[in-house]
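S.K.: The structure is given below, and queries will be raised subsequently.
Please treat every number below as a calculation from the coordinates, not as lab data. If you're wondering where the values come from, they're calculated on a predicted model, not measured in any experiment. All Cβ positions, glycine included, derive from the backbone under ideal geometry; neighbour counts span all protein chains shown.
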Amino acid sequence: MDLTIAMIITMVGASTPILFAATGELVVEKSGVLNLGIEGMMLCGAVIGFAVTFTTGNPWLGVLAAAAAGAASSMIFAVLTLSLSANQVATGLALTIFGLGFSTLFGQPYTGRPIGLFKSVFPPELATDPILRVIFGYSPLVYFSMIMVGVVWWFLYRTRAGLILRAVGESDTSAHSIGYSVTGVRYGAVAFGGAMAGIAGACFPLILTPQWVEGLTGGRGWIALALVVFASWRPFRLLAGAYLFGLIATMELYAKAAGGPFRILPSELWASLPYLATILVLVMISLRREGSTSAPACLGKPFLPTK
Amino acid sequence: MTQKKSNLSHTRRNILKIGGAAAALPLLGGRAFAQMSKVKAAFVLIGTPDDNGWNFGHDLGRLDMLAALGEENVETTVVTNVAEGPDSERVFRELAQQGNDIIFGTSFGYGDAMLKVAKQFPDVKFEWATGFKTASNLSIYNAKFHEGRAVLGTIAGAMSETGVGAYLGSFPIPEVFMGVNAFHLAAQKQNPDFVTKVVYIGSWFDPAKEADAARALIDQGVDVITQHTDGPAALQVAEERGIIGGFGQGADMSAFAPKAHLTAIIDIWGPYYIKAVKSIMDGNWKEGSSWEGLAAGEVVIGPYNPKIPAEVVAAAEAVRLGIIDESIHPYDGLIVDTEGVVRAEVGDVIDDGEFWAAEAWYAKGIEA
């Protein structure tokens, strides 16, 4: 029982950065933009979040700065792809490389310095019982990531602005012809995605491993990208998917630590399970919908208003 | 693997030097003169020197070498963040073309590229850290980290309350088998029922995953963790959870975990770099393989945490000094593996080098 509780707590921690990044990317993709630079934006957020927390000692400020850093780095992508109509795939990959380089350079003075973890804000008495610990034992970032999923769902499906954003993603020319600023909406979506990726990056030094080293995010941005597809662009499926991916990653480690019969699956297989699951879901989706997917129709296509 | 030590006498070395220089002079012209005035040494690192671990150790060695031999005599170039594999070939070729006399590649995965470039530049000397193959102008050098791990295992075995320790590794490679067996065998001398759980995280670099692996291990009864990965992630989790502790790898990491950091294995590459570059200056560089440990000072045990009881420190020191004066061997019999096969009889030892050739085996009590 205690082990299950412990495992759930580790799983929630492992899932949170993926959930943040994927929630942001979901909004970006819903507006018809494919930003492959999640990993780069996460690294910008991680290094800035670490630096601000290290300097001020205040993790809340660190999260805020991380969001700003993620959004700022996403603007490089936005200007190139939305204003200058550059190829989104190539620009997104470039953003990842940029983020890695920038964070390495900026983070040099911070390597090898510890900070404190961003701990639960609930009084410790609440987390004494194992069951209560599952509910109250996390960093504020964990609760925030779950709230954001609800907020994004509400925004996309219950507000007018969300409807416009989806319209821009499904048919940019129609949205444009009835007077909406396609580029403006997409700028907003990309900035939001950047801010969420920035917070996702800040999760690494603040709740997972309180240090800065280059490449700290270890490729989680790519998992977030796969997760959006896995969830077929639906916020609550995204929530479930993030925890499923987190569970797979955590189970691998607990199984290895337990030893015995749990070691039968080689670690390479464990590591590839999230991707295999994504492929499986993609196949299932395309079978069900007779070849079509639930991807936004304008995903990845540059919008040229003159046409 | 046996250690080859230079056993040339002084006179013979001088003759070789004069002869070598005289022979090279007409062929190389200006280059030979440049070589005589200032030796150019290049270092290729897989990360950056500020990683507080592996790369940090090598760069410290380079600085020691510069201080010992004098900056007026040696000029160094450092190339950081060079990925292993084919991409590194370009870097080694460029360094060779730039007229470096000796090039140090400080990661296992540079091997193929170095062997290839070494063939194309027979006048340049190459040194491959943790490598396993030499060529006429390529030497290998390594440190016996497992000797240090025997000291850590002694502390772990004596201090663990649950009797379960953990060893966090990247991938199952010979160096890790050596380390985990040395750690476990030493721990078992303190506590015959000691169990070592081995977890490979399947990645060279993923601090968040290291931290989660440490959490998984601690949740399952582990109270001492040692890691074969470079960062302090596992130590930080040990500190957070308040377990008995862990050990620094490559460098003193007590800043990250003041309570949990029991001690550290520190790599000291300076003496080797001094020796290697000096041999270029003296013109007597030779193909060889160097594998030194505690005795030569290439592997050093860091300061002991004050919370370690005096008798445990004494036991750890006894192992450290015993390995230095060769009265203790990290792999002395009786050693039985997990399959029940006797690997070393009482009174026998397993030569460290055998691990490179043999297939993987774990001593009894290791759960891998």
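S.K.: Using a Cα-Cα cut-off of under 16 Å, which aspartates and glutamates could be cross-linked to B:LYS286, ignoring same-chain neighbours fewer than 8 residues away?
M.R.: Result set, ordered by chain and number: B:ASP101, B:ASP123, B:GLU127.
S.K.: I need to check one value: relative contact order of the range A:2-288, counting alpha carbon pairs closer than 8 Å and at least 6 residues apart, in percent.
M.R.: Reported relative contact order: 36 percent.
S.K.: A further question follows. Would you grab the residues whose amide H sits under 5 Å from the one on B:PHE43? Only those 5+ places off in sequence or on another chain, please, with H modelled 1.01 Å from N.
M.R.: B:THR77, B:VAL78, B:VAL79, B:PHE104
S.K.: Something else: With θ set to phi - 60° and the Karplus curve 6.51 cos²θ - 1.76 cosθ + 1.60, what are the ³J(HN,Hα) couplings of the range A:140-145 in order, to the nearest whole Hz, using x for Gly and Pro?
M.R.: Here the 3J(HN,Hα) series is x, 4, 5, 5, 4, 5 Hz.
S.K.: I would also like to ask the following. Which of rounded, prolate or oblate describes the range B:115-251 when judged by the alpha-carbon gyration tensor and an a/c cut-off of 1.5?
M.R.: prolate
S.K.: Taking θ = phi - 60°, what integer Hz values does the Karplus form 6.51 cos²θ - 1.76 cosθ + 1.60 yield along the range A:196-208, in sequence order, with x for Gly and Pro?
M.R.: After applying 6.51 cos²θ - 1.76 cosθ + 1.60, I find 5, 5, x, 5, 4, x, 5, 4, 5, x, 8, 10, 9 Hz.
S.K.: Here's something else I'd like to know. Distance between Cα centroids, the range B:182-199 to the range B:254-320: provide it in whole Å.
M.R.: Measuring centre to centre over Cα atoms gives 22 Å.
S.K.: In a shell of Cβ-Cβ distance under 11 Å around B:GLY333, excluding B:GLY333 itself, what net charge do Lys and Arg (+1) and Asp and Glu (-1) give?
M.R.: Details: positive: B:ARG343; negative: B:ASP332, B:GLU345, B:ASP348.
Taking every other residue near B:GLY333 into account, the sum is -2.
S.K.: Now for a different question. Taking 56 Å as R0, compute the FRET efficiency from the Cβ-Cβ separation of A:TYR275 and B:ALA314 and round it to 0.05.
M.R.: Details: r = 52 Å, r/R0 = 0.92.
For A:TYR275 and B:ALA314, the calculated efficiency is 0.60.
S.K.: Here's a follow-up. Quick one: which residues, 5 or more positions from B:ARG343 or on another chain, have an amide H under 5 Å from its amide H? H modelled 1.01 Å from N in the peptide plane, none for Pro or chain starts.
M.R.: Sorted by chain and number, the residues that satisfy this are B:ILE335, B:VAL336, B:ASP337.
S.K.: Using a 7 Å offset from the Cα along the Cα-to-Cβ direction at both A:THR56 and A:LEU3, what is the distance between the two label points in nm, to one decimal?
M.R.: With each label point 7 Å from Cα toward Cβ, the separation is 4.3 nm.
S.K.: At a Cα cut-off below 15 Å, give the aspartates and glutamates reachable from B:LYS259, other chains included and same-chain residues fewer than 8 away excluded.
M.R.: Counting by Cα, and skipping residues close in sequence, B:LYS259 has these aspartates and glutamates nearby: B:ASP223, B:GLU239, B:GLU240.
S.K.: Can you classify the protein assembly as shown as rounded, prolate or oblate using the Cα gyration tensor, where a ≥ b ≥ c are the square roots of its eigenvalues, rounded means a/c under 1.5, and otherwise it's prolate if a/b beats b/c and oblate if not?
M.R.: oblate
S.K.: Placing +1 at every Lys and Arg Cβ and -1 at every Asp and Glu Cβ, with all other atoms neutral, what dipole size does the range B:323-368 have around its Cα centre, in debye to the nearest 20?
M.R.: 180 debye
S.K.: Now, a different point. What are the ³J(HN,Hα) values, in whole Hz, obtained from phi via the Karplus relation 6.51 cos²θ - 1.76 cosθ + 1.60 with θ = phi - 60°, for each residue of the range A:165-170 in sequence order, with x given for Gly and Pro?
M.R.: Once θ is set to phi - 60°, the couplings for the range A:165-170 become 4, 5, 4, 4, x, 8 Hz.
S.K.: Around A:VAL190, with a cut-off of 14 angstrom between Cβ atoms, what is the net charge of the other residues, counting Lys and Arg +1 and Asp and Glu -1?
M.R.: Around A:VAL190, the surrounding residues sum to 0.
S.K.: For the range A:140-218 and the range A:21-94, what is the separation of their Cα centres, given in Å?
M.R.: Cα centroid to Cα centroid, the span is 10 Å.
S.K.: Considering the dipole of the range A:2-288 built from charges on the beta carbon (Lys and Arg +1, Asp and Glu -1) around the Cα centre, which of A:VAL89, A:SER181, A:LEU273 is farthest to its positive end?
M.R.: Value computed over the given set: A:SER181.
S.K.: Quick check: from the Cα gyration tensor, does the range A:2-288 come out rounded (a/c under 1.5), prolate or oblate?
M.R.: prolate
S.K.: On to the next question. A:LYS301: which lysines have alpha carbons under 26 Å from its alpha carbon, excluding same-chain residues fewer than 8 sequence positions away?
M.R.: A:LYS30
S.K.: Can you give the local net charge around A:GLU29? Use residues other than it whose beta-carbon is closer than 15 angstrom to its beta-carbon, Lys and Arg +1, Asp and Glu -1.
M.R.: Spelling it out: positives minus negatives among the neighbours equals +3.
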